[in-house]
Structures are given as structure tokens and as C-alpha cells.
Amino acid sequence: MSIIDRYIIKKFLGTYFFMLGIIMMFATVFDVSEKLSDFISNKAPISGIIFEYYINFILYYGNLFSSMIIFLSVIWFTAKLAKDTEIVPILFSGKPVFRFYRPYMIAATVLMLFSLFLNHLIVPVANKKRLDFENQYYRNALVVEDYNATYPNNSHVYFSHFMEKENKLHDFVFEQFDEQHRIKYFLKARYAKNIPGTFQWTLEDYYEKTFEFPIGTISYGQRKDTSFAFQIEEMAKRQNIAETMTYFELQELIKRESSKGSDLVPFYEIELHQRTSYPFATYILTIIAVAVSSEKRRGGIGINIAIGLLFVFIYIFSMKMMTVASVNLGLPVLLAVWMPNFLFLGISILLFLRSQK
């Protein structure tokens, strides 16, 4: 590794961590101004606000937007190199242009691998602490209305209402069917409560019927202790629960929710694939940033930053548009998540070829 390689890598990483610190500082200040009154009114402990919430807040959002921050960092320091005429002797040294890109790609690879590791294993654990703290001291209580789901063994579950503070289901209905889709068991209860951490349930004001040849049985009563192959956490959970799961836990959740026909499966699949697609965007955005900012322009660094922000806006817009298309129009999740990367890969190749000229 040459002196120039070490110089560029040092500039790359130094600028990245400096901009990361500045952006996260502003993000934290804005978040404090929005939530501090709720934290105080709900008597959140100061140690919890700092160590359980904001440390994990910075870890999550810093990693989430790392590709964008890398892009702006490369734009910034490369444009400054061009302004100070430090790039000209490198490009006219007789070596191919891609040799100039090598230290950038080395630094991008380090940050990409680090981001992948954080996305799949570390950040979900931090998110669990952050969201648990937020749910306790900031968010409104969880409410679920008109829940319908199909479970394994030809079972169907319905309830009309759930409130987190009550921690019980209203108008609970459980049905089981045979292989010919004929009902063989029906259970209805005014209230159903799950014993925390178990598959044991307590039913109030229940009615049950079995459909057996030649005649079924009917029973009812005020209270019944029974068990089901599911817990209340599977039915009453926030959409952002996927953010708290590691790679393997999220895969298991997707498999389980798919078997039930849950409408939230696309959201979980998008979360899973974005954890990989976002870090890989680091390569693409780095190439674009170098190609855009390595050319000295009238207007100095400002015009390069403006062009860079335009690319960031288009990239974020395309990501959101593809996500909406996947959820609402049935576009395959894998295609929706990776399409912006493929689009910008083409742009990066064109800009790289132009820089060779």
C-alpha cells in the first residue's frame, strides 16, 4: 500500500467519522427536543435516557444512514483534494484511473463489512433496548383491532380488540378444520388472557363445540384454562418488531408469519433484505462520489456537494418508491429492495467511464 493509498484512506475514514459525529449530534438534539417532555412526564430515569435510549439511537441511525454519510464524506474531501490540485499529479502519473479508486474501495469495504455485521447481529439487540424504553416512556399503548390469522394444523384465530394495558383479547375465536376443510372444533370466549412466557391461556365466558360423527359435544362456562400453540406476542406486536431481531430470528419470524398468511410479511422481508442492500450501496455511492467530485469545477466545493445531494435525494426517493410498490402492488421484495442499487450501479459505471476520459 503506497503513501497515497494511506493518505486517501486516512482522509476517507477521518472525514466519515467526523461527519457521522456531527450528523448524529444534530439528530440527537432534534430528538431530545421532541421527546424530552414525554420522558419527564413519564418519569424516565436519566441513566435510561442516556444509556438505554440515546446510545442505541445513535448506533441505529448512524448505521442506517452510513452509506449516505459515506457518500457525502467522499464528496467533501475529494472535492477539497481537487480544489487544492492534489488529484492532478495522481491522475497524470501514468497509472490507470482505477488505481486512483483503489484506496477508496478499500476504505469502503472496511465500512461495508462493519455495517453488515452491525445490521444483522448488533443493531437488532440495541434496537430492542431502545424500543422497549420508547414503548415504556414515550409511545402510546399498543392497540390491535380485528385480528385474523391462519395457523398451522388448519387452525384459524380471530379477536376483535386488544389493548396493551389490559393485556387480554376481546371476543376471542379459535377454529380448527380437518383435511377436507370441514370444521371440527369451535371455541369462543369473551376474554382470553395468555400467561406471560407460556402457551397457557385463561378464557372467560367461553363456549366450545366439537363436530364429531354422529354427534358433536357442546360445553360452556365462566372460566377455562387451556393451551394453544401460540402466544399473545405473536398476535399483538408492533410492526417494528423486526428491527429487534437478528438475522436468524428474523428469518424464523418470516417463516412463521408466512404460514399464517400475515399481511406484515412484506415489511419483514424488506427489513431483512435492506440490512444487506444498504451496506452494499457503499461501493456504488463511493464510485459516484469520486467520479463527481474529483473534477475541479467553477463554484468550488459547493457545486460538488449540491450534485451529491441531488444523487442522495434520487436514491432515497427510488428506495421509498420501490418499497411502496412492493407492499401495495405486489412487486417482489428482492427486486424492490435491490432495484435502486442496480439503477445506481449503471450510473456509477457511466460516470467511471467518463472519468477515464
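See the values below:
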read-out: Computed FRET value (nearest 0.05) for Ser47 with Ile316, which takes r as the C-beta separation and R₀ as 35 Å; value: 0.50
read-out: Label of the coordinate-derived value, Kirkwood radius over Cα pairs in Å, listed as (1) 23.1; (2) 21.7; (3) 24.1; value: (3)
read-out: Over the chain, relative contact order from alpha-carbon pairs under 8 Å, at least 6 apart, %; value: 18
read-out: Listed residues Ala126, Pro152, Gln200: farthest to the positive end of the dipole of the range 125-207 (Cβ charges); value: Ala126
read-out: Inter-probe distance in nm under a simple model that places probes 7 Å from Cα toward Cβ, at Thr226 and Leu309; value: 6.1
read-out: Potential extension, Asp171-Ile215 segment - 0.36 nm per residue separation minus Cα distance; value: 13.2 nm
read-out: Ellipticity estimate at 222 nm from DSSP helix runs (n ≥ 4, -39,500 (n - 2.57)) divided over the chain, nearest 500; value: -20000 deg cm²/dmol
read-out: Cut-off 14 Å between beta-carbons: net charge of the residues surrounding Arg190, Lys and Arg +1, Asp and Glu -1; value: 0
read-out: Relative contact order for the range 1-107, counting Cα pairs under 8 Å that sit 6 or more residues apart, in percent; value: 55
read-out: Given charges at beta-carbon only (K, R positive; D, E negative), |dipole| of the range 1-118 in Debye; value: 540
read-out: Net length gained if the chain between Met25 and Val327 were fully extended (0.36 nm per residue, minus Cα distance); value: 105.4 nm
read-out: Zone of Phe199's modelled label, taken as backbone nitrogen in the range 218-235 under 17 Å from a point 7 Å along Cα→Cβ; value: 225-235
read-out: Two-site label geometry, Arg182 and Glu295: point separation in nm, points 7 Å out along Cα→Cβ; value: 7.5
read-out: Helical segments meeting 27 Å axial Cα length and Kyte-Doolittle 0.0 threshold in the chain (DSSP H); value: 3-41, 97-117, 265-293, 301-329, 333-356
read-out: Inter-label distance, nm, simple model (7 Å from Cα along the C-beta direction), Glu145/Tyr207; value: 2.5
read-out: Contact order normalised by residue count of the range 143-236, Cα under 8 Å, 6+ apart, percent; value: 19
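Just so you know, all these numbers are worked out from the coordinates, no wet-lab data involved. What you are looking at is a predicted structure, and each value in this text was computed from that prediction instead of being measured. All Cβ positions, glycine included, derive from the backbone under ideal geometry; neighbour counts span all protein chains shown.
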